[in-house]
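What follows draws every value from the coordinates through simple rules; no lab data is involved. From a predicted model like this one, the values you see are computed outputs, not experimental measurements. Ideal geometry is used to build each Cβ from the backbone, glycine not excepted, and the neighbour counts take in all protein chains shown.
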Amino acid sequence: MTKIAIILGSTRPGRIGAPVAQWVLDHAKERTDADYELVDIADYNLPHLDETLPPSMGQYSQPHTKRWAAKIASFDGFIFVTAEYNHSIPGALKNAIDFVYAEWNNKAAGFVSYGSAGGTRAVEHLRLVMAEVQVADVRAQVALSLYTDFVNFSEFTPAAHHAASLGVLFDQVVAWSSALAPLRGGAAVAR
């Protein structure tokens, strides 16, 4: 069965992304089209990129990199839950993406973002990063506003209409992840 990671991309103390990621996972559990797993990059304690060789060489030396690589390799697609920090993605998320390369290739991704402008500017940057690591990003997106989907900018209370958008996002990520499976076949990283 297709495996989709819901990646929580902020590690900031007091972050408000954890309830958003849990909301995505709760909706995912209602589906039977894929296996979904929440992956919190904070659990991997990745330092600032500390590999001596470029990730595209696939010669990882650090235990934390090998652990992260194995986790990313185990998925067929991704749903990134990202904050918008200064019109872009959190540095910790960019760092986590940069640690590995082939493990991302020929997979699909969708985005659930939050911020003062719904996190849309962060997603535009994230789409460019995904292209470089050969991840196909889907069109559907869930953009959550700090003004209307959070009480006091901290308590997550999503508007009801976001559930339908999330459903479309799931549909697209699963379809594209499945469609890209033949490309992962011969060149896939060992799982």
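Miscellaneous remarks
- Near the amide H of F150, within less than 5 Å, lie the amide hydrogens of T157, all on another chain or at least 5 residues away, with H placed in the peptide plane.
- In order along segment 147-158, the Karplus-derived 3J(HN,Hα) couplings, from 6.51 cos²θ - 1.76 cosθ + 1.60 at θ = phi - 60°, round to 7, 10, 10, 9, 8, 6, 6, 9, 9, 6, 9, x Hz, and Gly and Pro are given as x.
- Simple spin-label estimate for T120 and F153 in nanometres, 7 Å along Cα-Cβ: 2.1 nm
- The chain: mean projected area of Cα convex hull, nm²: 10.1 nm²
- For the chain, the mean residue ellipticity at 222 nm estimated from helices alone is -11000 deg cm²/dmol, where every DSSP H run of n ≥ 4 contributes -39500 (n - 2.57) and the total is divided by all residues, rounded to the nearest 500.
- Shown for the chain are the DSSP H helices of 18 Å or more along their axis, judged by Cα atoms, with a mean Kyte-Doolittle hydropathy of at least 0.0: 120-132, 162-179.
- The chain - share of DSSP beta bridges that are antiparallel (%, nearest 5): 10 percent
- Computed from backbone phi with θ = phi - 60° and the Karplus coefficients 6.51, -1.76 and 1.60, the 3J(HN,Hα) list for segment 77-87 is x, 9, 10, 8, 9, 10, 7, 10, 10, 6, 6 Hz; x is used for glycine and proline.
- Gap separating the Cα centres of segment 115-168 and segment 1-37, nearest whole Å: 13 Å
- Listed peptides 52-61, 172-181 appear in the order 172-181, 52-61 once ranked by packing, highest mean of other Cβ atoms within 10 Å at the front.
- Cα shape, segment 1-50, gyration tensor, a/c 1.5 rule: oblate
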